[in-house]
Amino acid sequence: MRSQLVIISLLVAGSSHSQSKETEKMIQAGNAFYKNQEFNKAAVEYGKALQADPANTTAKFNQGNTLYRLDQKVEAAKAFTALSRETEIKDIRSRSFYNKGVILSQQKNLEESIEAYKNALRNEPNDKEARENLQKALLELKKKTPPPKKDDKKDKKQDPKKQKQPQSKMNQKEAEQRLNLLQQKEKEVQQRLQKAKSRMGGSQAKDW
């Protein structure tokens, strides 16, 4: 993929105007190890350069690339995020956002990668690769989140109504049964009262 090749090839040298000769030697040594794919040794040299000059943008950027090559992608993304906030050099800021976008795309974090590519283009509007990768990420996101179907919504709305209908019928049956029982009980009570009245004379009621 083009996005992978770009992040590997973006190796900056000598972009920091204030770096000392010693720091520059460390960065050049790191670059030599990097080109030979000796990434652990390259990381050590860039680390030394950052100890000597913590604000050195060249060492920070190359360290981020090295972390990526060492499969420490989360740390690499953090390094590019920090550098994009700290540096005032538009070229370095644009490349940092771009590399961050590449890492996030590989991690399927499409929404954040899209934002990173947009930031890269804000700093470097003529970056064709950032524009192409932005379009790819937008297409992937569109495929990943298709629009909801209308038929499903209609079915969901109709289901509660269908469930309520049998419940209302059952309630009517139960009410009718209860009314019939009450009417029967009332008839029985009236019959008993009539019998009791016919039996009663002047005597007192008995204790049961």
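Residues R122, R131, R85, R93: which one is farther than 28 Å from K35 by Cα and part of a helix (DSSP H, G or I)?
Selected residue: R122, the only one of R122, R131, R85, R93 that is farther than 28 Å from K35 by Cα and part of a helix (DSSP H, G or I).
For every residue, the table says whether it meets (1) open to solvent by 30 Å² or more (accessible area, probe 1.4 Å); (2) in contact with a strand residue (DSSP E or B) (Cβ under 7 Å, 6 or more places away or on another chain); (3) modelled with pLDDT under 95.
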site: I89; (1), (2), (3): yes, no, yes
site: R95; (1), (2), (3): yes, no, yes
site: Y98; (1), (2), (3): no, no, yes
site: K118; (1), (2), (3): yes, no, no
- Message: Would you confirm whether or not region 8-15 contains a residue that is closer than 20 Å to S96 by Cβ, open to solvent by less than 20 Å² (accessible area, probe 1.4 Å) and either modelled with pLDDT of 90 or more or more than 36 Å from the chain's Cα centre (by Cα) (or both)?
- Response: no
- Query: Hey, V44 hits all of (1) of a type in the set (A, V, I, L, M); (2) under 24 Å from S84 (Cβ atoms); (3) open to solvent by 70 Å² or more (accessible area, probe 1.4 Å) but one; which does it fall short on?
  - Reply: (2)
- Quick check, is A77 out of contact with any Leu (no Cβ under 6 Å at 6 or more places or on another chain), open to solvent by 30 Å² or more (accessible area, probe 1.4 Å) and small (G, A, S)? no
- Message: For region 100-116, give me each residue that is hydroxyl-bearing (S, T, Y) and open to solvent by less than 10 Å² (accessible area, probe 1.4 Å).
- Response: S113
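The values are calculated or read from the model by the stated rules, or taken from the named source; none is laboratory data. All values derive from a computational prediction rather than experimental measurement. Positions of Cβ are backbone-derived with ideal geometry, glycine not excepted, and every protein chain shown enters the neighbour counts. Heavy atoms of the whole protein, side chains included, go into the accessibility calculation; ligands, DNA and RNA do not. Shrake-Rupley method; radii C 1.70, N 1.55, O 1.52, S 1.80 Å.
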